[in-house]
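*Asks:* Got a structure here, written out as structure tokens. Questions coming.
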Amino acid sequence: MSKAERIKRTRVPVVDPSLVERLPPGQVLTERFPVLHEGEVPVYDMATWTLKIFGQVDKEITLHYEDLLKLPQTTITRDIHCVTRWSRFDNTFTGVRFIDLIKELGVTPKSGYVMLHGDYDYTTNLALSDLDREDVLLAHSLDGEPLTAKHGYPLRFIVPHLYFWKSVKWVRGIEFIDENQPGFWEQNGFHMNGDPFQEERFSGEDLEIPEDEWEKKDFD
Ligand SMILES: Nc1nc2c(c(=O)[nH]1)N[C@H]1C(S)=C(S)[C@@H](COP(=O)(O)O)O[C@H]1N2
Ligand SMILES: [Mo]
């Protein structure tokens, strides 16, 4: 059974009515921070680590970690929502806003869609309009501490208004693409957009839901 199929079959949690405004439909609140990803946790030599901006842009750019730290830094506190049904409130991330990155580097996008690339071989697609927001961050810290290796050190995207699979850990590339293309999970049954308040979990038909898949995972 695919991951999308498994999540579709898990039981739907009962939600405290007082949380409805803030908790998207079908989510459970957790205070722990589950770790979810495919493959190995990368180990980096920061002297050779780079972030590439490429594809449909007027100029392609390769950034080193120090370059990023020289850009304007922003701290935001946001709720996050994972498609496997956990939500975590009030996460404080620090990093560089996507809009500031583009502006400060003088990059002009020539397309309306982006494919984000993370180690190893993880991708997710986003409309440029979903990145072009005040609270979309390339984050290096959580609650004032550098991200742990499992949560994406040294750099991850935070796209808080979409399900957390769009928030690429270990990000290495921002590729501007002509047309919207499915990334890794989007090719495996997940929604192309992923708005948690619209319950855009899956593409195609929706089934009943969750076993607490995430509770069997690692926490950090
Ligand atoms: N590079 C990479 N980023 C990734 C993933 C992955 O497998 N590889 N998984 C995504 C998924 S499905 C989720 S739910 C979140 C989990 O982030 P966390 O482990 O910090 O909770 O990371 C996202 N970013
Ligand atoms: Mo996920």
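The values are calculated or read from the model by the stated rules, or taken from the named source; none is laboratory data. Bear in mind that the values here come from a model prediction, so they are computed numbers and not experimental data. Reconstructed Cβ throughout: ideal geometry from the backbone, glycine too, with neighbour counts over all protein chains shown.
*Asks:* Of the conditions (1) among the β-branched types (V, I, T); (2) in contact with a helix residue (DSSP H, G or I) (Cβ under 7 Å, 6 or more places away or on another chain); (3) within 24 Å of H161 (Cα to Cα), T92 satisfies every one except a single condition; which number is it?
*Replies:* Here T92 meets the rest and fails (2).
*Asks:* Looking at region 112-140 only, could you name the residues that are surrounded by fewer than 16 Cβ atoms within 10 Å (Cβ to Cβ) and touching a Leu at 6+ places or on another chain (Cβ under 8 Å)?
*Replies:* G112
*Asks:* From Q27, Q56, which residue is over 18 Å from the mean Cα position of the chain (by Cα) and surrounded by 15 or more Cβ atoms within 10 Å (Cβ to Cβ)? Before the answer, list the steps.
*Replies:* Details: Q27 fails: over 18 Å from the mean Cα position of the chain (by Cα).
Within the list Q27, Q56, the selection yields Q56.
*Asks:* Mind counting the residues in region 74-127 that are of a type in the set (A, V, I, L, M, F, W, C) and either away from ligand 2 (no atom under 16 Å from the Cβ) or out of contact with any Phe, Trp or Tyr (no Cβ under 9 Å at 6 or more places or on another chain) (or both)? Give the derivation first.
*Replies:* Pass one, region 74-127, residues of a type in the set (A, V, I, L, M, F, W, C): 76, 80, 82-83, 86, 89, 93, 96, 98-99, 101-102, 105, 107, 114-116, 126-127.
Remaining after also requiring either away from ligand 2 (no atom under 16 Å from the Cβ) or out of contact with any Phe, Trp or Tyr (no Cβ under 9 Å at 6 or more places or on another chain) (or both): 76, 89, 93, 96, 98-99, 101-102, 105, 107, 114-115, 127.
Result for region 74-127: 13.
*Asks:* When you scan region 68-100, how many residues do you find that are of a type in the set (D, E) and farther than 26 Å from I53 by Cα? Step through it out loud before you land on a result.
*Replies:* First pass over region 68-100, keeping only residues of a type in the set (D, E): 79, 90, 100.
Subset that is farther than 26 Å from I53 by Cα: 79, 90.
Here the count works out to 2.
*Asks:* Separate question: Suppose we filter N188, N193 for residues that are within 16 Å of ligand 2 (Cβ to nearest atom), surrounded by fewer than 20 Cβ atoms within 10 Å (Cβ to Cβ) and modelled with pLDDT under 95; which single one remains? Full working, then the answer.
*Replies:* Details: N193 fails: modelled with pLDDT under 95.
Matching residue, one of N188, N193: N188.
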